[in-house]
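I have placed the structure first, in the form of structure tokens, so that the comments after it can refer back to it.
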Amino acid sequence: MKARFDVIVVGAGPAGATAAMILARSGFEVLLLERGKYAGEKNMFGGALFGRVINDLIPNYWEEAPVERYINRKIVTMLSKDSSMSFDFKTEKFAEPPYNGFTVNRSRFDRWYAQKAVEAGALLLNETVVDDLLWEDGRVTGVHTRREQGEVWADVVIAADGAMSLLAEKASLRKRFNPKHFSVGVKEIIQLPKDTIESRFNLAGNEGVSNEFLGGLPGGLQGGGFIYTNKESLSVGVVAQFPSMHPNKVPIYHALAQFKSHPSVRELLKDGVVKEYSAHIIPEGGVEMMPKLYTGGMLVAGDAAGFVLANGLYLEGVNFAIASGVAAAEAVAAAKTKGDYSAATLRKYQQILEEGFVLKDLKEYKHALTFTENSRLHSVYPDLICELAEKLFTVDGTPRTKIIPRALKAIKGKVSWMELFKDGRDAGRTMLW
């Protein structure tokens, strides 16, 4: 392997592969480094790719990409101990190209996507761990890998090395981690026949559904679960906020087992066979945890930059990663035109992100963390909603009570008026205005 490239990209996930592909297409000599045996081996997420950014890069990508089902139905479900209440939305508009989203398997999708960077001319080197940065005159000029003669030099390094980014730390671009900025997700791939999945979820052809659940986790864990339909399997998992895990000492795998045993979930998974198990750290702090995105000779992209939108209604990351890879490539191309890779020039990366949806969305929902870390959101309110629904729909020969009086009676003793006002304000500030 040669010792110098125009650009070194660390991490062959969606952010890194995007930047490598675009830059290689533009004639840059690009080295794409991946610590796994192949791109996607160590990558895990719930299972849904939303957004259409990738279609601008690879038109009609779904015709060749290893996608599972297009998602034209979204369900949000509140869980109590033995009940559930759902908001179910379906539209044929999401069933038309370029589609709103797909379920995917990251180990297959990322491998295919990284190969697109290779086809464009990038050199992909798997099983390569990067331990440090190389510096010259206060500017990043390369990386040090664990390979023999492991120093590799470049004009720019793009750090797309995941949520716990070592390179952002080495470059002193990020603050010390705060546990409240992270959640832990665990997931199983449960195999079921195609016909069974389509029957249970009322699907036809390649239709798919994403179902997110709030509440129902044991021991005060704050978070929820998810089910995504693949062609012949289900992606099933739970996500719990990290700070709620340690005080309660509830193993995350116990939370997954309880979620799977819930009456509203159990029948959907019946007779399924577990084929995979994986876990992942999710950066959910938004702008609160975002590091400085650039320094001389280096940019930070994807999960390494905290580019995940998690506000209780949306959980998106791959589309943000791809968009940040596009922005990184554009900033590097502009720097090459000037022949200047200083921090002042690479600041264009942040400017591009501010003009697009990535930083606009993260700033728009900057109060999301305050809202989602509220323990009542994960227990009291799902229980209240399910309890109220049960009483409204019970037919037992007693006189009916209108909704507002019944709701006020259900709330009494479970949440104070001050708490209710504060939670309503936080919800409105986060989601409505």
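The values are calculated or read from the model by the stated rules, or taken from the named source; none is laboratory data. What you see is a predicted model, and the numbers here were worked out from it, not measured in a lab. Methodologically, a virtual Cβ is constructed for each residue, glycine included, from the backbone with ideal geometry; neighbour enumeration extends over all protein chains shown.
Structure notes:
- Glu68 vs. criteria within 19 Å of the chain's Cα centre (by Cα), of a type in the set (Asp, Glu) and not in a loop (DSSP other than H, G, I, E, B): yes
Residues are listed down the side, and each one gets a yes or a no for (1) touching a Cys at 6+ places or on another chain (Cβ under 9 Å); (2) in contact (Cβ under 8 Å) with a residue 24 or more places away in the chain; (3) aromatic (Phe, Trp, Tyr); (4) closer than 22 Å to Leu214 by Cα:
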site: Arg376; (1), (2), (3), (4): no, yes, no, yes
site: Ser379; (1), (2), (3), (4): no, yes, no, yes
site: Ile404; (1), (2), (3), (4): no, no, no, no
site: Leu420; (1), (2), (3), (4): no, no, no, yes
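- Applying the criterion of being polar (S, T, N, Q) and touching a residue at least 40 places away in the same chain (Cβ under 8 Å) to the residues of the stretch 46-77, the residue that is surrounded by the most Cβ atoms within 10 Å (Cβ to Cβ) is Thr77.
- Of the strands (runs of 3 or more DSSP E) lying entirely inside the stretch 86-138, the ones with 3 or more residues being under 20 Å from Glu232 (Cβ atoms) are found at 101-104.
- Residue count, the stretch 178-212 (criterion: of a type outside the set (Phe, Trp, Tyr), in a loop (DSSP other than H, G, I, E, B) and touching a residue at least 24 places away in the same chain (Cβ under 8 Å)): 5
- Check on Glu148, part of a helix (DSSP H, G or I), without any contact (Cβ under 8 Å) to a residue 60 or more places away in the chain and either surrounded by fewer than 17 Cβ atoms within 10 Å (Cβ to Cβ) or not assigned by TED's automatic domain parsing to the domain that holds Ala321 (or both): no
Results for (1) out of contact with any Ser or Thr (no Cβ under 8 Å at 6 or more places or on another chain); (2) modelled with pLDDT under 90; (3) aliphatic (A, V, I, L, M), shown as yes or no for each residue.
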{"site": "Cys386", "(1), (2), (3)": "no, no, no"}
{"site": "Arg400", "(1), (2), (3)": "yes, yes, no"}
{"site": "Arg406", "(1), (2), (3)": "yes, yes, no"}
{"site": "Ala410", "(1), (2), (3)": "yes, yes, yes"}
{"site": "Trp417", "(1), (2), (3)": "yes, yes, no"}
{"site": "Leu420", "(1), (2), (3)": "yes, yes, yes"}
{"site": "Gly424", "(1), (2), (3)": "yes, yes, no"}
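- Selection of the stretch 361-370 for residues being part of a helix (DSSP H, G or I) and either under 17 Å from the mean Cα position of the chain (by Cα) or touching a residue at least 60 places away in the same chain (Cβ under 8 Å) (or both) yields Asp361, Leu362, Lys363, Ala368, Leu369, Thr370.
- Any hit, the stretch 342-351, residues being at pLDDT below 95, of a type in the set (D, E, K, R) and surrounded by fewer than 20 Cβ atoms within 10 Å (Cβ to Cβ): no
- Test result for Thr77, closer than 30 Å to Ile8 by Cβ and either more than 18 Å from the chain's Cα centre (by Cα) or not in a loop (DSSP other than H, G, I, E, B) (or both): no
- When the stretch 78-99 is limited to residues that are in contact with a helix residue (DSSP H, G or I) (Cβ under 7 Å, 6 or more places away or on another chain) and over 11 Å from Gly208 (Cβ atoms), the one that is surrounded by the most Cβ atoms within 10 Å (Cβ to Cβ) turns out to be Leu79.
- Ala331 touching a residue at least 24 places away in the same chain (Cβ under 8 Å), in contact with a Phe, Trp or Tyr (Cβ under 6 Å, 6 or more places away or on another chain) and assigned by TED's automatic domain parsing to the domain that holds Val10: yes
- Lone unmet requirement of (1) surrounded by fewer than 22 Cβ atoms within 10 Å (Cβ to Cβ); (2) under 23 Å from Glu41 (Cβ atoms) for Gln258: (2)
- Filter result for the condition that a residue is among the hydroxyl-bearing types (Ser, Thr, Tyr), over 20 Å from Val380 (Cα atoms) and either surrounded by 15 or more Cβ atoms within 10 Å (Cβ to Cβ) or under 20 Å from the mean Cα position of the chain (by Cα) (or both), over Ser235, Ser199, Ser244: Ser235
- Some residue of the stretch 312-321 being at negative phi, at pLDDT below 95, buried (at least 24 other Cβ atoms within 10 Å of the Cβ) and outside any helix (DSSP H, G or I): yes
- The residue that is nearest to Asp6 (Cα to Cα), among those in the stretch 122-149 that are among the polar types (S, T, N, Q) and over 27 Å from the mean Cα position of the chain (by Cα), is Thr141.
- Of note, Gly317 does not satisfy the criterion of being farther than 24 Å from Leu133 by Cβ and touching a Leu at 6+ places or on another chain (Cβ under 7 Å).
- The residue that is nearest to the chain's Cα centre (by Cα), among those in the stretch 371-428 that are of a type in the set (A, V, I, L, M) and loosely packed, with under 13 Cβ neighbours inside 10 Å, is Met418.
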